[in-house]
Amino acid sequence: MMPTLAITPADDLIDVPRQIRVEHVEPGQTVEITALTRRNGVLWQSQAAFVAGPDGTVDLSRDAPVSGDYAGLSPMGLIWSQSPVDSPSREHFNHPVTEALVTDVVARAAGSQAQASFTQRLAAEGVTRQDVREKGLVGTLYLPPGPGPHPAVMILNGSGGGINEPRAALYASRGYAAFALAYFKAPGLSDYISNTPLEYFQTGLRWLRKKVSPKHDFVAISGQSRGGELVLLLGATFPDEVSAVVAYVPGAVVHSGQNACDPKIGREGPTWLLGGKPIPHVWENNRTATWAPFDEGPSPHRHEKAILTALQDPDAVARARIKVEDIKGPVMLLSGTDDGSWPSSIYSKMVQDKLAEVNHPYPVVWLDYENGGHSILFPYVPTTQLVYAHPVSGKISTSGGNPKDNARADQESWEGVKRFLDAAVDAANPARAAK
């Protein structure tokens, strides 16, 4: 009996789950399945073994592995459990990101094997990409197919800097004019996060509105980590220009430059400027803050432990707190209870509590993932690389969580974000408001 392997759909967007099914094997036979994906030139691999059911099949949407790189029922476990082969790479996507990812799957049973592949795309057919280098802005604009108008979202990276093209491409594939805006570590910009003017982002918001004339004049902002802190700060600082805020693993207070700082300024120097003046941050005049739990703690180092010392000074926290009550729109918060970079779960609760206290007149959605870490992305990417060297400082730390719970956060958060934004766009419809 020769096994056969079927994967459906064979070619689709990255956020679409696949059914992986092996047929024509003896009931009770062990079937080993290997998944191989080349990601920006580096081979990533996973393997798991299954026992064929009475019908002579293995279906990953029905069957959990008996051994291998993941445990428990998970139809896409072979993807999130992948690790790079002979490489420390954390690059999940090809460059350019419009180049699809192809995964080869091999099933072996009793000396016979079957092979198939599937394709994951960030950019749907008809999505267009445009480099943006005007008005001092450095970024990339992705537009959905069709004439529009489309609602818009501006996407901001965290302390690694650069341009978040993968998320922008996926947002565009799901109907949003998506502007990934860099603010450091990109061509023509500073290598560091220190002394970044908030007016730069206001310029970006205004450019995006003028460029795409968005549906219902809707421009959301989406950011992760330092970008999550930043989108809350921008929503509070420029409330009339921000339609909705999506804050991935955010901070509820303004932070110093930390690991992305200019060494000449130091990690306790300012990050954000407004009107040319530094915005107060939590490390300033802080009576309890110390880096020792991060610098001297056991490996893998947890940056979050140092941040927790800063939160013990209530006066410093009050001075640095982002005034989220000034945001004029719906707010979404996404966090993990085992965030190794900073306490995003505590921060999200601070934001939610403040918005509840002031009876925020817009929806507030908080998704908090038990045992999830700092790296909440979107579905069906590897979640195994938890310990890494910071791309600016080179300091080694862990983002926290574990592969299985981080994969769940990836999947559920993206579904939640799509629902949140669709509802926010619908609420911004003037015709709806007039009823």
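Hey, in the GNM for the chain with a 10 angstrom Cα cutoff, which one of Ala409, Ala49, Ala247 fluctuates hardest?
In this elastic network of the chain, the residue with the biggest mean-square fluctuation among Ala409, Ala49, Ala247 is Ala49.
Find, among the GluC sites (Glu not before Pro) in the range 314-389, those assigned to loop by DSSP (not H, G, I, E, B) with at most 13 other beta-carbon atoms within 10 angstrom.
In loop regions of the range 314-389 (DSSP not H, G, I, E or B), the sparsely surrounded GluC sites (Glu not before Pro) are Glu370.
Once fully extended, how much extra length lies between Asn371 and Thr4, figured as 0.36 nm per residue of separation less the alpha-carbon to alpha-carbon distance? Kindly include the intermediate steps, with their values, before the conclusion.
Numbers: separation 367, 0.36 × 367 = 132.12 nm, distance 3.72 nm.
Taking Asn371 through Thr4 to full extension adds about 128.4 nm, to one decimal.
If R0 is 51 Å, what FRET efficiency do you get for Val16 and Thr290 from their C-beta distance, rounded to 0.05? Let's see the in-between values first.
Numbers: r = 46 Å, r/R0 = 0.90.
Calculated transfer efficiency: 0.65.
Check each of the trypsin sites (Lys or Arg not before Pro) in the range 30-109 and keep only those in coil by DSSP with at most 14 other C-beta atoms within 10 angstrom; list them in order. List each step's numbers first, then the result.
Values: sites: Arg38, Arg39, Arg62, Arg90, Arg108; in loops: Arg62, Arg90.
Passing sites in the range 30-109 are Arg62.
Using the crude model of +1 on Lys and Arg Cβ and -1 on Asp and Glu Cβ, and no other charge, please compute the dipole size for the chain relative to its Cα centre, in debye to 20.
Details: 39 positive and 46 negative charges, 241 e Å.
Here the chain has a charge dipole of around 1160 debye.
Using +1 at the C-beta of Lys and Arg and -1 at the C-beta of Asp and Glu, which of Val22, Thr57, Thr119 has the Cα lying farthest in the positive direction of the dipole of the range 4-121?
Checked the options; the winner is Thr119.
Give the residue list of GluC sites (Glu not before Pro) in the range 229-304 that are DSSP loop and have at most 13 other beta-carbon atoms within 10 angstrom.
Sparse-neighbourhood loop GluC sites (Glu not before Pro): Glu296.
In debye, nearest 20, what is the charge dipole magnitude of the range 4-121 about its Cα centre with +1 on Lys and Arg Cβ and -1 on Asp and Glu Cβ, if you could check? Walk me through the numbers before you get to the answer.
Values: 8 positive and 14 negative charges, 37 e Å.
Approximately 180 debye in magnitude.
Rule-of-thumb check for the range 1-68: C-alpha Rg over 2.2 N^0.38 Å?
Values: Rg = 13.1 Å, N = 68, 2.2 N^0.38 = 10.9 Å.
Taking the Cα Rg and dividing by 2.2 N^0.38 Å, one obtains 1.20.
Where does each of Glu199, Glu125 land when they are ordered by accessible area, with a 1.4 Å probe and the largest first?
Details: Glu199 65, Glu125 175 Å².
Greatest to least solvent exposure: Glu125, Glu199.
Take Val51 and Lys211, extend 7 Å from each Cα along the Cα→Cβ direction, and tell me the distance between the two endpoints in nm.
5.6 nm
Expressed as a whole number of Å, what is the distance separating the alpha-carbon centroids of the range 337-406 and the range 178-222?
Each part reduced to its Cα centre gives a spacing of 23 Å.
Add +1 for every Lys or Arg and -1 for every Asp or Glu among the other residues with Cβ under 10 Å from the Cβ of Pro293, and state the total.
With Lys, Arg at +1 and Asp, Glu at -1, the neighbours total -1.
Which order do Asp86, Asp339 take by accessible area at a 1.4 Å probe, largest first?
Working: Asp86 155, Asp339 5 Å².
I get Asp86, Asp339, largest accessible area first.
What share of the DSSP beta bridges in the chain is antiparallel, in percent to the nearest 5?
So the antiparallel bridges in the chain amount to around 65 percent.
Tell me which of Ile322, Val358, Pro278 sits at the most positive position along the dipole axis of the range 128-425, charges placed on C-beta atoms (Lys, Arg +1; Asp, Glu -1).
The Cα lying farthest towards the positive end belongs to Pro278.
Would you mind telling me which residue in Val425, Val358, Val42 has the biggest mean-square fluctuation in a Gaussian network model of the chain, where springs connect alpha carbons within a distance under 10 angstrom?
Val358
Pop out the carbon and sulfur fraction of the accessible area of the chain as a percent, whole number, probe 1.4 Å.
51 percent
Have a look at Thr384, Leu308, Val219 and report the one farthest towards the positive end of the charge dipole of the range 128-425, computed about the Cα centre with Cβ charges (Lys/Arg +1, Asp/Glu -1).
Among Thr384, Leu308, Val219, the one farthest towards the positive end of the dipole of the range 128-425 is Val219.
Kirkwood Rh over alpha-carbon pairs of the range 4-121, then Stokes-Einstein at 4 °C and 1.567 mPa s: what D in µm² s⁻¹, rounded to an integer? Can you show the working numbers first?
Numbers: Rh = 14.5 Å.
In µm²/s, the coefficient rounds to 90.
Sum -39500 (n - 2.57) across every DSSP H segment of at least 4 residues in the chain, then divide by the residue count to get the 222 nm mean residue ellipticity, nearest 500.
Value at 222 nm, helices only, nearest 500: -7000 deg cm²/dmol.
The values are calculated or read from the model by the stated rules, or taken from the named source; none is laboratory data. Predicted model, so just to flag it, every value in this text is computed and none were measured. Using ideal geometry, Cβ is built from the backbone for each residue, glycine included, and neighbour counts are taken over all protein chains shown. Calculation scope for accessible area: heavy atoms of the full protein, side chains included, ligands and nucleic acids excluded. Shrake-Rupley method; radii C 1.70, N 1.55, O 1.52, S 1.80 Å.
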